[in-house]
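Encoded as structure tokens, the structure appears first; notes follow it.
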Amino acid sequence: MDEYRGVNTPIYTSTSYGYLDTDERLYPRYFNIPNQKVIVRKLAALEKAQNGLIFGSGMAAVSTTLFSFLSKGDHCIFQNGLYGGTLHFVNEEFNRFGLEYTVLKNNEIKSFQSAIQKNTRIIYVESPSNPLLSIVDLEKISRLCRKYNCISVIDNTFASPVNQNPIELGIDIVIHSATKYLGGHSDISAGAVLSSNEYIDRITKSSLSFGGSLNALMCYLLERSIKTLSIRVERQNQNASLIADFLNRRPEIEKVYYPGLKSHAGHEIAKRQMTGFGGMLSFELKEQDITVFQKRLQLIKPSMSLGGVDSIICAPVTTSHRLVSKKDREDEGIKDNLLRLSVGIEDSGDLIRDIEQAL
Ligand code: PLP
């Protein structure tokens, strides 16, 4: 790519490229400029995929992927407990376009199976899910999809490719909000889809019209970020596991949600399909007011989003699930006293002491 053989990829800022003597038509919205191609190659390698597409946000990746495969009258199954923005998108947009869908009440495989209809085209999961870290058996989902001729899609944001490679478990399409772990420093908004050449060709066709591409500078920044992805995530795994154990022993805490805990409903499945349990955990405070608790924290920042090197905490009810109705939140088991912690790479002792003094 670079005639000077620099270690880093040069940033091609051009939005205009020569077209004579070549069949290639390069243009940012065609998802084919040099920096887009480089980052996609690396992300596809991380997710063991043949190909991919890089978008301007996670939601651009989610919405474009779903709308690339669904036509009027098609049906889609969504697991229980999705990122609030995805659930909001489905609730707001699907009916308007004549799309049918079922959001499950629980994530047992038999619930997925009994929700399948003649017109079911996609089964969409998020494992671990946001914010309750629920775990779905991905091999069973992929087998179900093959049997009933549907496409399996996973939002793999919470796990990151370091902890989970769904394509190896038979899942067809992997989506990431690259704003989170892939970016890792809370300064990039991006999304990615990784899959087979066949599916990526299909999504590319719709993407050209929907136009949610990512610019070259951000592609470069993301490429720089993923050079440290594995060491960041390994540290986040370790820190989160120590904090989950600590919270689990504290009398002030009602319940801890972390797939690495033996008490977590999805622990055995997570052990099989993940190589690390991730840097995300949630917990319910017994009595203390959640705002007072967050204000008492000195190192951990009450702040939205997740997956960065800095530890941040938020209440899903007023952030990620703000647009989800109270009834839908209750159906998902998201209580008003729930806090979601995105564990960073700080010293684990410092983090635990911070939580301890705030409790
Ligand atoms: N998927 C998950 C699991 C998320 O947590 C988020 C954002 O919080 C998204 C998708 C959407 O990503 P973005 O904000 O980059 O559009």
_Residue pairs, from the table LYS147/LYS327; LYS42/LYS335; LYS110/LYS255; LYS301/LYS335, whose Cα atoms sit over 31 Å apart_ = LYS147/LYS327; LYS42/LYS335
_Span from the segment 147-177 Cα centroid across to the segment 277-318 one, whole angstrom_ = 27
*If each of SER111 and SER325 carries a label point 7 Å out from its Cα toward its Cβ, how far apart are those two points in nm?*
1.8
*asked:* Taking R0 as 25 Å, what FRET efficiency do you get between SER263 and GLN238 from their Cβ-Cβ distance, rounded to the nearest 0.05?
replied: 0.80
*To the nearest 10 degrees, how steeply does helix 34-46 sit against the main Cα axis of the chain, on a 0 to 90 scale?*
50
*Mind ordering 116-128, 64-76, 203-215 by average Cβ neighbours within 10 Å, highest first?*
116-128, 64-76, 203-215
*For the chain, what number results from the quotient of the Cα radius of gyration and 2.2 N^0.38 Å?*
0.99
*Charge dipole magnitude, Cβ of K and R +1, D and E -1 - segment 187-329, Cα centre, debye nearest 20*: 180
_Tilt relative to the chain, helix 138-147 - C-alpha long axis, 0 to 90 degrees, to 10_ = 50
*Rough spin-label spacing in nm, given labels placed 7 Å along Cα→Cβ, for LEU208 and VAL292*: 6.0
_Ordering of 155-163, 181-189 by packing [mean C-beta count within 10 Å, highest first]_ = 155-163, 181-189
*Between rounded, prolate and oblate, where does segment 175-326 land on the alpha carbon gyration tensor, with a ≥ b ≥ c its root eigenvalues, rounded for a/c under 1.5, else prolate if a/b exceeds b/c?*
prolate
_Given axes a ≥ b ≥ c from the Cα gyration tensor, I'd like to know whether segment 231-302 is rounded (a/c under 1.5), prolate (a/b larger than b/c) or oblate._
oblate
*To the nearest 20 debye, what is the magnitude of the charge dipole of the chain about its Cα centre, counting +1 on the Cβ of each Lys and Arg and -1 on the Cβ of each Asp and Glu?*
440
*asked:* Limiting things to C-alpha atoms, what are the Rg and the maximum Cα-Cα separation (Dmax) for segment 239-348, in angstroms?
replied: 13.8, 39
*Excluding same-chain residues fewer than 8 positions from LYS48, which lysines have a Cα within less than 18 Å of its Cα?*
LYS37, LYS227
*Note the full-extension length gain between ARG143 and ASP23 as 0.36 nm times their separation in residues minus their Cα-Cα distance, in nm to one decimal.*
39.2 nm
*Which parts of segment 50-71 would a label at ARG96 reach, counting a residue when its backbone N lies under 20 Å from a point 7 Å out along Cα-to-Cβ?*
56-71
_Suppose every Lys and Arg Cβ carries +1 and every Asp and Glu Cβ carries -1, with no other charges. What dipole size does segment 143-236 come out with about its Cα centre, to the nearest 20 debye?_
140
_Virtual spin-label span in nm between MET304 and LEU359, 7 Å along Cα→Cβ_ = 2.9
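Every number here is computed from the coordinates shown, using simple stated rules; none is lab data. Everything quoted here is computed from the prediction, not taken from an experiment. Don't worry about glycine lacking a Cβ; one is built from the backbone with ideal geometry, like all the others, and counts go over all protein chains shown.
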